[in-house]
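Comments concern the structure below.
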Amino acid sequence: SSPLVVAIDGTSGSGKSSTSRGVAHRLGLRYLDTGAMFRAMTCWMLEHGVDVHDPVAVAARCHEPEIVSGTDPLGPTITVDGADVAVAIRSDAVNAAVSPVSAVPEVRARLLQLQRDVIAADGGIVVEGRDIGSVVVPDAPVKVYLSADPSARALRRAAEQGSADVEATQASLLARDAIDSGRATAPLVMADGAVHIDTTPYTLEEVVGLVVGLVEEAG
Ligand code: C5P
């Protein structure tokens, strides 16, 4: 049988990353954070002075950066042209620019190729993003769509970032959701066959348990 792929999609700050890493760790699977790849692409554009609001300029240069993702759920890594960008990809500048960059079809085509190469390497994998169950791995045996109340998402994300400005964090999350859901290419949607979990009332451990249960059922 082909190696297991667990597809986890959802809105910004819904708990996708923590859940995906927890599930991968518990099941001995690899982990791929596709959002980190879009963030890494965005970082490179900002560093190279590309106007991130000009889709033609972004498309023209999106084949240049070499983006490499490490898939250990206990210590995922992300490099661009050999440099570790794990911290840089979480900056406010990247938060503000990543959705417009991710809406460019050439960017998506380039990263889709890289994502499929990682997924096809040895071993099962948990893959998180916005279009994993709909576009990247539409035949994944387990698909999950995570959501949560905006205020709960903003509180969690602000706490992670050590930020006191929960309102600004919420505005930034909702702005990204609006662009991600409204774009023409591979918008954020609930994929056919996805199980929807609203994580608002649950702890992280509970959500991990629910997803592990889905994997075992599908097994
Ligand atoms: O998951 P994360 O919040 O880090 O993703 C950052 C941004 O990358 C999203 O807001 C979205 O614009 C883009 N993204 C995407 N498709 C994916 C994963 C992320 O468009 N599969």
Open item on the list: For the structure I just gave you, tell me whether residue 117 is surrounded by fewer than 15 Cβ atoms within 10 Å (Cβ to Cβ), under 29 Å from residue 200 (Cα atoms) and more than 16 Å from the chain's Cα centre (by Cα).
Closed with: no
Open item on the list: I'd like to check something: does the stretch 95-110 contain any residue that is under 19 Å from residue 5 (Cα atoms), surrounded by 21 or more Cβ atoms within 10 Å (Cβ to Cβ), touching a residue at least 24 places away in the same chain (Cβ under 8 Å) and in contact with a helix residue (DSSP H, G or I) (Cβ under 9 Å, 6 or more places away or on another chain)?
Closed with: no
Task: Entirely in the stretch 1-87, the helices (runs of 4 or more DSSP H) that have 2 or more residues that are open to solvent by less than 40 Å² (accessible area, probe 1.4 Å) and of a type outside the set (A, V, I, L, M, F, W, C) - done: 16-27, 34-47
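Based on this model, can you work out whether residue 154 counts as at negative phi, assigned to a helix (DSSP H, G or I) and open to solvent by 20 Å² or more (accessible area, probe 1.4 Å)?
Details: at negative phi: yes; assigned to a helix (DSSP H, G or I): yes; open to solvent by 20 Å² or more (accessible area, probe 1.4 Å): no.
The answer is no for residue 154.
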TODO: Could you please find all residues in the stretch 190-206 being open to solvent by less than 60 Å² (accessible area, probe 1.4 Å) and within 16 Å of the ligand (Cβ to nearest atom)?
DONE: 191, 194, 199
Open item on the list: Taking the condition of being open to solvent by 50 Å² or more (accessible area, probe 1.4 Å) and farther than 26 Å from residue 219 by Cα, how many residues in the stretch 120-149 meet it?
Closed with: 1
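The values are calculated or read from the model by the stated rules, or taken from the named source; none is laboratory data. Predicted model only: the values in this text are computed from it and were never measured. Heads up, the Cβs are rebuilt from the backbone with ideal geometry, glycines too, and the neighbour counts pull from every protein chain shown. Surface accessibility is based on the protein's heavy atoms, side chains included, excluding ligands, DNA and RNA. Shrake-Rupley method; radii C 1.70, N 1.55, O 1.52, S 1.80 Å.
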